[in-house]
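S.K.: Have a look at this one.
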Amino acid sequence: MNITFLLNGETVALKDVDPTATLLDWLRDDCGLTGTKEGCNEGDCGACTVMVTDEDGARALNSCILFLPQLHGKAVRTVEGATGPNGEMHPAQQAMVDFHGSQCGFCTPGFVMSMVASHANGATDHDTQLAGNLCRCTGYAPIVRAAESVEDQPVPVWVRDAPIATEAASPNLPESSDELAAIYERHPSATLIAGATDVGLWVTKQLRELDPVIFLNRCDDLKEILVTDDEVHFGAMVDMNRMSEALTELHPSYAEMIRRYASVQVRHAATIGGNIANGSPIGDNPPALIALGATLHLRKGNTRRSVVLEDFFIDYGKQDRALGEFVEAVSFPRQADRLKCYKLSKRFDQDISAVCGCFNVVVENGTVTQARIAFGGMAGIPKRAGTVEAELVDQPWSQKTIEKAKLAFDKDFTPMTDMRASASYRLDSAKAMLERYFREDHGELTNVLEVSA
Amino acid sequence: MSVASPMPHDAAPLHVTGTARYVDDIPTPKGTLHLAFGLSSIPKGRITSMDLTDVKAADGVVMVLAADDLPFANDVSPSIHDEPLLSDGVINYIGQPIFLVVASSHQAARKAARLGNVHYAEETPILTVEEALAADSRFEEGPRIYAKGDAETAIANAHCLVEDTFEIGGQEHFYLEGQAALALPNEGDMLVHSSTQHPTEIQHKVADALGVPMNAVRVETRRMGGGFGGKESQGNALAVACAVAAKATGKACKMRYDRDDDMIITGKRHAFRISYRAGFDKDGHIQGVLFLHYAMCGWAQDLSLPVADRAMLHSDNAYLLPHARIESHRLKTNTQSATAFRGFGGPQGMVGIERVMDHAAFELGIDPVELRRRNYYEPAHRTEDREPDEEPLNHPDPHEDLTSRGAVETGANPTRPLPSGGNTTPYGMEVSDFVLHEMTDALLKSSDYFARKAAIAKWNAENNVIKKGIAFSPVKFGISFTLTHLNQAGALVHVYQDGSVHLNHGGTEMGQGLFQKVAQVAASRFGIPLEMVKITATDTAKVPNTSATAASSGSDLNGMAVKAACDTIRDRMAIYLAERHQADPTSVIFADGHVEIGKNRYSFAEAAAMVYQGRVSLSATGYYKTPKIEWDRIKGQGRPFYYFAYGAAVTEVAIDTLTGENRILRTDILHDAGASLNPAIDIGQVEGGYVQGAGWLTTEELVWDDRGNLRTHAPSTYKIPACSDRPDIFNVALWNGKNREETIYRSKAVGEPPFMLGISAWLALSNAVGACGDKYPALNAPATAEEVWRGIKFTRGNPDGI
């Protein structure tokens, strides 16, 4: 595979690249650009953060789980390129010095690049922008002070990158869903790589050799978001930040849940299609989408079919997806917003859910007319709480109904104990989430994130 | 004068531009080889057969070594030689290195390391306190006991009794830079770059492994990407592996752990179980306390004895205990060997007594701050400092690991309880510098504690789901290595003929700003701008026989050693220049980059050139040893600490009573750094220490399964605080005082003490949970959302549901 991209403003043309070579290893080992650090090699610490600019603008990404072919046509900027041509520091770099934002300095290049990217985009929600960068020394306070101090400073001209025009690089890097359908049908055992936020770890942690691989990132037609009067439609390659943006008005609780899903860097890469297709029982999108009554759209060659999303998940590690078939899109009906998504994890930001409960309960004249409730982390698959729903529907929307419905959770779920939570805590929290939904619906303060001193 | 000024970290411009070089960033010679360990997959047993054919045949593999292939010492222990580099056939935990792959790349080595075909005879592992006690699996012959007065009788006669048993979890260091080493063979000698807090330890272990004297090994450490104690002994294995492989192949060898390997192989903070029984009078004065410590040490001794000792030594924290008995069991288990971590056992001991105070305040209905103040040590007053007794001469074995905190100390007589009474600790040390009365008053005022406590009570009365809590906790932390002979340091200072200064000392830089502080000392001694001082990598060839940069001692020890070296040169310069100008040497002034002798004024550079031409040495070593300390760890008596560092914090939290989710809303801290050498760096230590301490007691949960498999071995499952976990409102101030002891510019050590301010967050959670029911919440640590949820159920007396 031959690819071309910009590195700190200079064109790089690579021939015969190993398709699963990571940007981080290439930067450090091949280019000697050792400013970008490896902290965890799985996208959880942000020490390897770089800025990548494409048609959608500048984004912070984790270079440790970013494969080189994903960069074709894009512009990469590392910490070395945050500094100007004459050695002048980016305002974020200077602020990190002035505000004592570095101690051991190892996480610092990653923080700097997250700040360079968020600064370029005018983002000032620093806690969210920096949630994907771990620091063990400072306690973060001086880093946030540094980020705040540069909010009003102009973006230096040298970090304003633009993508470059490129030719199609390889059949394994298809330019459209049609091309993808064709090549995947020919190589149905190939590994599909969307954002590589999961597959990346197969390479960096499981040390698997993946061959062949097909990269989906240039299939622009899979990146469409379509909101009509009847339907909301997301192409499989819509990344989680764009997804969140699109949901902010429609279903704000879902959008807020996505804000806590992984980190800015991971959400820039992670796609809705990938989050569904990998079938994880703890992916956060499926329960929310199931609660919204979503339909999954699959394609194999030129054959398309649709399934109700909850039916896609058959068993742990087993989905209703044929060899050579891929997720093209997911859609759900437009509806008045009754959705609440509750993500329970050890840490609020950038943590995998122990339980993710999504509630969509419609109440008319004091009576429940419709209830769709789904959970992640409660079973081997994302799963609806059918018995609980049945206890609610046609009942008065009252504490008594809630108490009765809570008893039904034991029939729907037998969760497991693992390092994230015990089985009894999972089950009890699921019940507590129904209670929370009810109390929140009645105007009671229930969100610890909304409380201040 | 540069001392006391809030200068940024010396390497900050390098950090932010990505040009600060860590071990893995050092350019390596062509042909450098890369290493990885093959790891055991069982927790306990013996290797019955090991077939490494596939490993050797894997792409890029140059050499594979097992225990039998090691030419000399197979030992990376910092204490009693119980930690082989590669398993000698016995397996002690899941993740123990059993063979070493040497390959052409890091990835090739990692891949090959998974191809070993190893068979084991598996035995039942010891993983819990109960299992260890049942098997009498422990380090040392039995428990250590420190005692003062008669605690049993005092408790029996007390008005109020509190007792309980609770768990304190361990903690992964999660330094952002994983362990790393690079060995470069050179004419039979070895240069090792190591990410270590203890270059001399590395030098010693490498020399033993190569069968050469220490002078054939040079260790250099420019900086670490975080240490926190995790690089005091845990870097030994990588450095020794690299050196052995470098000697065997004649090539440079590098090793760095992938994050998961790092977490699976290396030691962590000791988990403790603490049982307590304490008696109080009706006004909340403690009458006596019994502590039972069970320290989970893991499979090798490492530094566990001094860690467990320090936990005992902080079982009083800020409180004068008239009668106390602390019994400490050091349990040997089939998990990673627990090691040094910021506070070195002190935090666990301190959590024990703070739990007692919290429990008693709840039972007696006394404000927890008030109860604490009633039990404080007497305020500072001048007491006669005892001179230490004449040190007995002993004859240490020069081949022993004398510079390790795990070094064996000469024996002594068994414990006898100390008499009760006096302003003394349970180990008989007079507390003569206690400033917490004043600090507490100031902090309660600045944090508006009492008004906020009332507002929180009101909030809790009005809100069903979200409850708030607030808590105060003090810190009194002893400063010095408890192994007395480690309290020494050396420095090497050169002044060049152009007036520039080259500075070296035995301390290592891990982010704490030690180099900057020490450079500020040097600049101040010579009266020159900081830019004229070059800080150089720690190097065993420049300053020998150094102690680990640990125990918060870095600035205290190395600052004084550098001062001594600078003063030697300054005095030589003054004598020479005074003689030339017929003046008194004491009248020569070094200030503002100049040297003044009467009416004559030279730039420092001119002065240096003149002194050079006068054939006077402009190079000097400096040396320092901490005075006044003496300690008998077997008796549990003496003065282990030169002085105490103090701090106090007030934390407010909110909890969701439905799920236990919780967070910190506000924290106010007042911390005693003496006369701060650099207030910016010290505040950085306080902010960072607090968040790390709060993380230990809240979200950071280590989980092993029932086979001893660590299930939280990556940041995806082990959750250190993230950006938004810091307090919304975070007010940190330094207590403006001078150290009563003659430390460097009367400053105080600041590395570890602020970590324990995080205890206030745990206590605030207890306070919030306590607002949900009638029973004392009895939280364990860490107080994860699940633990808070459990506590709420417990306090409501309803274990079956909230």
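S.K.: Roughly speaking, to the nearest percent, how much of the range B:435-544's 1.4 Å accessible area is carbon and sulfur?
M.R.: On the range B:435-544, the fraction of accessible area on carbon and sulfur atoms equals 57 percent.
S.K.: So, one more: How much accessible surface does B:Trp735 have with a 1.4 Å probe, in Å² rounded to 10?
M.R.: 60
S.K.: Kindly sort B:Lys231, B:Lys534, B:Lys247, B:Lys793 by accessible area of their heavy atoms, largest first, with the probe set to 1.4 Å.
M.R.: B:Lys534, B:Lys247, B:Lys793, B:Lys231
S.K.: To the nearest 20 debye, what charge dipole does chain B have about its Cα centre, counting +1 at the Cβ of each Lys and Arg and -1 at the Cβ of each Asp and Glu?
M.R.: 1260
S.K.: Tell me the label-point distance for the pair B:Glu187, B:Asn736, using the 7 Å Cα-to-Cβ offset, in nm and rounded to one decimal.
M.R.: So the two model labels end up 5.7 nm from each other.
S.K.: Right, another one. So which of A:Lys15/A:Lys223; B:Lys231/B:Lys738; A:Lys15/B:Lys254; B:Lys467/B:Lys775; A:Lys346/B:Lys268 end up more than 23 Å apart by C-alpha?
M.R.: From the list (A:Lys15/A:Lys223; B:Lys231/B:Lys738; A:Lys15/B:Lys254; B:Lys467/B:Lys775; A:Lys346/B:Lys268), the Cα-Cα distance tops 23 Å for A:Lys15/A:Lys223; B:Lys231/B:Lys738; A:Lys15/B:Lys254.
S.K.: Taking R0 as 41 Å, what FRET efficiency do you get between A:Leu323 and A:Ala390 from their Cβ-Cβ distance, rounded to the nearest 0.05?
M.R.: 0.65
S.K.: Now for a separate question. Considering every residue in B:723-733, what mean count of other chain Cβ atoms within 10 Å of its Cβ is obtained?
M.R.: Mean inter-chain Cβ contacts per residue within 10 Å come to 6.
S.K.: Could you work out how much longer the chain between B:Val408 and B:Glu167 gets when fully extended? Use 0.36 nm per residue separation minus the Cα distance between them, nm to one decimal.
M.R.: 83.8 nm
S.K.: Something else now. What whole-number value in Å² describes the accessible area per residue of the range B:726-802 for a 1.4 Å probe?
M.R.: In whole numbers, the range B:726-802 has 33 Å² accessible per residue.
S.K.: From the residues A:Ile214, A:Gly235, A:Ile183, which one has its Cα farthest along the dipole of the range A:143-253 in the positive direction, the dipole being from +1 and -1 charges on Cβ of Lys/Arg and Asp/Glu about the Cα centre?
M.R.: Positive-end residue among those listed: A:Ile214.
S.K.: Right, something else. Would you list which aspartates and glutamates come within 13 Å of B:Lys56, measuring only between C-alpha atoms, while excluding same-chain residues fewer than 8 positions from it?
M.R.: Straight-line reach from B:Lys56, under 13 Å: no aspartates and glutamates qualify.
S.K.: Suppose each label sits 7 Å from its Cα in the direction of the beta carbon; what would the A:Met416-B:Lys628 distance come out to in nanometres?
M.R.: In this crude label model, A:Met416 to B:Lys628 measures out at 5.9 nm.
S.K.: OK, next. Set Lys and Arg Cβ to +1 and Asp and Glu Cβ to -1, take the dipole of chain B about its Cα centre, and tell me which of B:Thr266, B:Gly226, B:Asn375 lies farthest positive.
M.R.: Checked the options; the winner is B:Gly226.
S.K.: Setting aside same-chain residues fewer than 8 positions from B:Lys453, which aspartates and glutamates have a Cα under 15 Å from its Cα?
M.R.: Counting by Cα, and skipping residues close in sequence, B:Lys453 has these aspartates and glutamates nearby: B:Asp367, B:Glu370, B:Glu462, B:Glu652, B:Asp668.
S.K.: Note the full-extension length gain between A:His442 and A:Lys404 as 0.36 nm times their separation in residues minus their Cα-Cα distance, in nm to one decimal.
M.R.: 11.9 nm
S.K.: Report, in degrees rounded to the nearest 10, the 0 to 90 angle that the Cα long axis of helix A:108-120 makes with the longest principal axis of chain A.
M.R.: On a 0 to 90 degree scale, this one is about 80.
S.K.: Oh, and also: On a straight-distance basis, which aspartates and glutamates could pair with B:Lys247 in a cross-link, Cα separation under 17 angstrom, same-chain partners fewer than 8 positions away excluded?
M.R.: B:Lys247 reaches B:Asp68, B:Asp69, B:Asp75, B:Glu187, B:Asp189, B:Asp208.
S.K.: Any idea of the accessible area per residue across the range A:157-311, 1.4 Å probe, to the nearest Å²?
M.R.: 39
S.K.: Another question, then. State to the nearest 20 debye the size of the charge dipole of the protein assembly as shown about its Cα centre, where the only charges are +1 on K and R beta carbons and -1 on D and E beta carbons.
M.R.: 1040
S.K.: Turning to a different aspect of this structure: Which far-off residues, 5 or more places away or on another chain, put their amide H under 5 Å from the one on B:Glu630, with H placed in the peptide plane?
M.R.: Placed amide hydrogens put B:Arg639 under 5 Å from B:Glu630.
S.K.: Give A:Lys406/B:Lys793; A:Lys318/B:Lys793; B:Lys205/B:Lys542; B:Lys44/B:Lys205 a once-over and call out the pairs whose C-alpha atoms are over 29 Å from each other.
M.R.: A:Lys318/B:Lys793
S.K.: Relative to the first principal axis of the alpha-carbon coordinates of chain A, what is the inclination of helix A:423-441, with its axis defined by its Cα atoms, in degrees from 0 to 90 and to the nearest 10?
M.R.: 80
S.K.: Counting only the heavy atoms of the protein chains, how much of B:Tyr776 is accessible to a 1.4 Å probe, in Å² to the nearest 10?
M.R.: Rounded to the nearest 10, the figure is 20 Å².
S.K.: For the residue pair B:Asp82 and A:Arg186, what label-to-label distance in nm results when each label sits 7 Å from Cα along the Cα-to-beta-carbon direction?
M.R.: 6.4
S.K.: Then there is this: Calculate for the protein assembly as shown the 222 nm mean residue ellipticity that helices alone would give, adding -39,500 (n - 2.57) per DSSP H run of length 4 or more and normalising by residue count, nearest 500 deg cm²/dmol.
M.R.: Taking each H run of at least 4 residues, the total per residue is -8500 deg cm²/dmol.
S.K.: If contacts are Cα pairs under 8 angstrom and at least 6 residues apart, what is the relative contact order of the range B:206-258 in percent?
M.R.: In percent, rounded to a whole number, it is 36.
S.K.: With a sphere of radius 12 Å drawn around the Cβ of B:Gly708, what net charge do the other residues whose Cβ falls strictly inside it have (Lys, Arg +1; Asp, Glu -1)?
M.R.: -2
S.K.: Moving to a separate point now. Tell me, in nm to one decimal, what length is gained between A:Leu207 and A:Val155 on full extension, where the rule is 0.36 nm per residue of separation less the Cα-Cα distance?
M.R.: 14.8 nm is the gain from fully extending A:Leu207 to A:Val155.
S.K.: So, with a 1.4 angstrom probe, what is the percent of accessible area on chain A that is carbon and sulfur?
M.R.: Of all accessible area on chain A, carbon and sulfur atoms account for 48 percent.
S.K.: For a quick check of understanding: with a 1.4 angstrom probe and all protein chains in place, what accessible area in square angstrom does B:Val518 have, to the nearest ten?
M.R.: Roughly 0 Å² of B:Val518 is accessible to a 1.4 Å probe.
S.K.: For chain B, build the charge dipole from Cβ charges (+1 Lys, Arg; -1 Asp, Glu) around the Cα centre, then report which of B:Ala243, B:Leu85, B:Ser328 sits farthest towards its positive end.
M.R.: Going by the Cα projections, it comes out as B:Ala243.
S.K.: Turning to a different aspect of this structure: Applying the Karplus parametrisation 6.51 cos²θ - 1.76 cosθ + 1.60 with θ = phi - 60° to the phi angles of the range A:219-225, what ³J(HN,Hα) value in whole Hz is obtained for each residue in order, glycine and proline being reported as x?
M.R.: Once θ is set to phi - 60°, the couplings for the range A:219-225 become 7, 4, 5, 8, 9, 6, 10 Hz.
S.K.: Starting with the highest mean, order B:52-60, B:558-566, B:278-286, B:685-693 by the number of other Cβ atoms within 10 Å, averaged over the residues of each peptide.
M.R.: In descending order of packing, they fall as B:685-693, B:558-566, B:278-286, B:52-60.
S.K.: Search the structure for amide H atoms under 5 Å from the amide H of B:Lys534, placed 1.01 Å from N in the peptide plane, and list their residues when 5 or more places away or on another chain.
M.R.: B:Val501, B:His502, B:Leu503
S.K.: Report, to the nearest 10°, how far helix A:240-250 tilts away from the longest principal axis of the Cα atoms in chain A, using its own Cα long axis and a range of 0 to 90°.
M.R.: 40
S.K.: How high is the relative contact order of the range A:26-115, in percent, with contacts defined as C-alpha pairs under 8 Å that are six or more residues apart?
M.R.: Reported as a whole number, the value is 33 percent.
The values are calculated or read from the model by the stated rules, or taken from the named source; none is laboratory data. Please read these numbers as outputs of a predicted model, since none were measured by experiment. Positions of Cβ are backbone-derived with ideal geometry, glycine not excepted, and every protein chain shown enters the neighbour counts. Surface accessibility is based on the protein's heavy atoms, side chains included, excluding ligands, DNA and RNA. Shrake-Rupley method; radii C 1.70, N 1.55, O 1.52, S 1.80 Å.
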